[in-house]
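Visitor: Structure incoming, see below.
Bear in mind that the values in this text are calculations on the coordinates, not laboratory data. On a predicted model such as this, the values are computed, not experimentally measured, just so you know. So basically every Cβ, Gly included, is an ideal-geometry build from the backbone, and we count neighbours across all protein chains shown.
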Amino acid sequence: MKNFANIAIAAALAANGASAHYIFQQLSLASTKYAPFEYIRQNSNYNSPVTDLASNDLRCNVGAQGAGTETVEAKAGEQFTFTLDTPVYHQGPISIYMSKAPGAAADYDGSGEWFKIKDFAPDFSGGQAKWDMSGSYSYTIPSCIEDGEYLLRIQSLAIHNPYPGGTPQFYISCAQVKVTGGSGSANPTTVRIPGAFKNTDPGYTANIYSNFNSYTVPGPAPMTC
């Protein structure tokens, strides 16, 4: 019944998404693709972005709570995929973060430390920026993190309306995962959200329409094992 309910919610989001943005709504592990919002926290703002850099909504999106969201077991080193309702079409980086819950992921508000595991940054090798504007994004659970329950967070930072004349937009979702088989040897750089992104960050203020030949993704560098 829960899967049917989640599918109905996803359909409602699509029907009401008048702003024509996008949302990361489905999680896959290895070759298994789960129902929309089965393991991803359900937001309440349809597919609209978060723009307030001081808001707690930057953690997992507006209204996204752990209650009612299942937590899926994932092996360290296992591939995961976030799938959107429609492909990303605003230029900007995609970043993936994790935060270890002190107990159950469903009870965690994301107020602890976050570390980055992946950036999808622009490629300038062809002489101009080429962004990875896809319908899904895949990476692997780091093999060196501690076992336990985590929030697995993906964000699209849309910088198509350059600051300060425009306001960059964050499209965010959090999955709940229980990691097993990690070595626990990682010591990543961590940040708090909100607080990790500032309106002075070069990657936040970048103007993609003028002399745009390099780019630094906001936030810490992705961890390595």
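Visitor: Taking Rh as the Kirkwood radius computed over C-alpha pairs, what is the Stokes-Einstein D of the chain at 20 °C in a medium of viscosity 1.002 mPa s, expressed in µm² per second?
Guide: Roughly 121 µm²/s, to the nearest whole number.
Visitor: Which percent, nearest 5, of DSSP beta bridges in region 49-207 are antiparallel?
Guide: 90
Visitor: Say each of LYS198 and THR180 gets a label point 7 Å from the Cα, pointing the same way as Cα to Cβ; how far apart are those two points in nm?
Guide: 4.3
Visitor: Using the beta-carbon distance between THR189 and TYR163 and R0 = 41 Å, what value does 1/(1 + (r/R0)^6) give for FRET efficiency, to the nearest 0.05?
Guide: 0.95
Visitor: Taking the dipole about the Cα centre of region 113-225, with the C-beta of Lys and Arg at +1 and of Asp and Glu at -1, give me whichever of ILE208, SER185, PHE120 is farthest to the positive side.
Guide: The listed residue farthest towards the positive side: ILE208.
Visitor: Could you work out [θ]222 nm for the chain from helices alone, using -39500 (n - 2.57) per DSSP H run of at least four and dividing by all its residues? Round to the nearest 500 deg cm²/dmol.
Guide: Working: 3 runs with 23 residues, N = 225.
That comes out to -2500 deg cm²/dmol.
Visitor: Can you order the peptides 99-106, 171-178, 207-214 by their average number of other Cβ atoms within 10 Å per residue, highest first?
Guide: In decreasing order of mean packing, 99-106, 171-178, 207-214 become 171-178, 99-106, 207-214.
Visitor: What order, most packed first, do the peptides 85-97, 48-60 have when packing is the mean number of other Cβ atoms within 10 Å of each residue?
Guide: 85-97, 48-60
Visitor: Could you tell me what a quarter of the Cα convex hull surface of region 84-187 works out to, in nm² with one decimal place? Don't skip to the answer; put the middle values down first.
Guide: Details: hull surface 33.8 nm².
Approximately 8.5 nm², given one-decimal rounding.
Visitor: Long-range amide H contacts for GLN91: which residues qualify at under 5 Å (H placed 1.01 Å from N, peptide plane, sequence gap of 5 or more or a different chain)?
Guide: HN-HN under 5 Å from GLN91: ILE159, HIS160.
Visitor: Shifting gears a bit: Over the chain, what is the relative contact order in percent, taking alpha-carbon pairs closer than 8 angstrom and at least six residues apart? It would help to have the intermediate numbers written out before the result.
Guide: Numbers: 552 pairs, mean separation 53.9, N = 225.
Relative contact order comes out at 24 percent.
Visitor: Another one. Pop out the ³J(HN,Hα) list for region 122-130 in order, Karplus 6.51 cos²θ - 1.76 cosθ + 1.60 with θ = phi - 60°, rounded to Hz; leave Gly and Pro as x.
Guide: After applying 6.51 cos²θ - 1.76 cosθ + 1.60, I find x, 9, 9, 5, x, x, 8, 5, 10 Hz.
Visitor: Turning to a different aspect of this structure: So if I place +1 on the C-beta of Lys and Arg and -1 on the C-beta of Asp and Glu, and nothing else carries charge, what would the dipole magnitude of the chain be about its Cα centre? I want it in debye, nearest 20.
Guide: Details: 13 positive and 17 negative charges, 37 e Å.
Dipole about the Cα centre, nearest 20: 180 debye.
Visitor: What are the ³J(HN,Hα) values, in whole Hz, obtained from phi via the Karplus relation 6.51 cos²θ - 1.76 cosθ + 1.60 with θ = phi - 60°, for each residue of region 71-76 in sequence order, with x given for Gly and Pro?
Guide: Going residue by residue, I get 10, 9, 7, 9, 7, 4 Hz, with x marking Gly and Pro.
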